1. What is the sum of charges around Ala167, taking Lys and Arg as +1, Asp and Glu as -1, for the other residues whose C-beta is under 12 Å from the C-beta of Ala167?
2. Using a 10 Å cut-off around each Cβ, can you sort His119, His129 from fewest to most neighbouring Cβ atoms?
3. Only one of the listed values, (i) 30, 25, 23; (ii) 45, 23, 21; (iii) 35, 24, 22, was derived from the coordinates as semi-axes √(5λ) of the Cα gyration tensor in Å; which label is it?
4. Can you give the Kirkwood hydrodynamic radius for the stretch 159-265, in Å, rounded to one decimal and based on Cα pairs?
5. Enter the angle in degrees (range 0 to 90, nearest 10) between the Cα long axis of helix 7-19 and the first principal axis of the Cα atoms of the chain, meaning the one along which they spread out most.
6. So, counting K/R as plus one and D/E as minus one, what does the shell of residues with Cβ under 15 Å around Ser339 add up to?
7. Could you list Thr313, Thr401, Thr211 so that the one with the fewest beta carbons within 10 Å of its beta carbon is first and the one with the most is last?
8. On C-alpha positions alone, give me the angle between the axis of helix 256-266 and the longest principal axis of the chain, in degrees, nearest 10.
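Where a number appears in this text, it was derived from the coordinates with a stated rule and is not lab data. Quick caveat, the model's predicted, so the values are computed rather than measured. Cβ sites come from the backbone with ideal geometry, for glycine too, and all protein chains shown count toward neighbours.
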Amino acid sequence: MQSILTDKGKQQAKLAGKALANLSIDIAYASPLVRAQHTSNLILAENFNPPNLRTSEGLLEIDLSEWESMIAQDVKEQFPEKHHDWQNAPDQFQLGDRFPILDLFEQAKALWAEILHNHQGKTILLVGHSGINRALICSAIGIPVKLYHNIQQANCAISVLNFQGDALADGVQLESLNLVSHLESISDSPLPPTKKNHNGPRLLLVRHGETEWNRQKRFQGQIDVPLNNNGHAQARRASEFLAKVRIDKAFSSPMLRPKDTALEILSKHPNIKLDLFDELKEISHGLWEGKFEHEIEAEFPGQLALWQSQPETVQMPEGENLQQVWDRVAIIWQKIVDSVPAGETALVVAHDAVNKAILCLLFGFTPEQFWVFKQGNGGVSVIDYPQGSHSSPILQSGNITTHLSEGILDRTAAGAL
């Protein structure tokens, strides 16, 4: 049985279309199901130069036909063991002789192989469903099947993936995940809601605003470079973006650029104390600090290319390697999470490498996967611990930068760390 869009669903689709209106879309694919086709047509109707819509069975939703038309509570009561596996062991979840989530990942990988081969270098719109979208994102960036539920996809949320070549093995960057701020006019918040029965903390992870060295692409590391004028403006916009969001605690690196970003955000949240942790400082680039890329290449030939392609192999001269960053960040992040009571929200403002490490640690990623998560200056990510600080975390939204510029794409400085 095919479901259709509600009036709210139509509104969401139109708002998603407006958010993507100025994006030049070369190719558009949708699931053949009615709700996805209708959503796609409403989105493309807002675009200034829409492509023809194509249909792909690779975007079909997960096959849970045995549970079709049942409400979640009835499934939980009638099939307790299977429902437990669905929620807690998706890689082992079985219906009849099928493994629906494992099958969905294979479907996603096949779709990527087809699309990347046929449309290299193009901007592609994919309109699917919560399940297949999560499988597409997970399979693209290497999140294992067992963590399938650890990312979310809200109705008409937008995620952005950047591919380096015509195959997943060539490299993929998750620019942003599950953006919903374009739906704020018909919701209560610019952030995704917590899941039902949420009984843990929420963390808002923010990268500091731009510095002049970010703009110049000069490595700054632990040199205490302050925000530039644009960085202060980004901090103010982040403050306005989070003004209606409840914040109960706040933490920051003690360096000027994150601390001043945090204080600007907290100007809308009086009486919240800002705690500073040295462990949240940016990676120490050692002798690279203060240098431009061409200077690093001249002094340390080949090391910059390795940093960009195999970052886990680079020991910064008189500085840190990524494993050292991973180790210190893992300890301080858990300390912070443990300090936030259930139901409360904490702000954490840090740096590009530190934030990347935190996001990687959520999924068990190693320094080899350092470049997977993009972190824009002033970008906001939302991390929930639904069952408490030691439960499995959920990345609700990643690298929200819509408050910093018009449109969905991250237009912040792509400078050195």
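1. Values: positive: Lys109; negative: Glu114, Asp166, Asp170.
Residues near Ala167 contribute -2 overall.
2. Numbers: His119 15, His129 19.
Arranged by neighbour count, lowest to highest, His119, His129 become His119, His129.
3. Checked against the structure: label (iii).
4. Values: mean 1/r = 0.0608 Å⁻¹.
Value: 16.4 Å, from the Cα pair sum.
5. 40 degrees
6. Details: positive: Arg202, Lys249, Lys273, Lys335; negative: Asp248, Asp275, Glu279, Asp338, Glu344.
So the environment of Ser339 carries a net charge of -1.
7. Details: Thr313 13, Thr401 28, Thr211 23.
Least crowded to most crowded, the residues run Thr313, Thr211, Thr401.
8. Roughly 50 degrees between the two axes.
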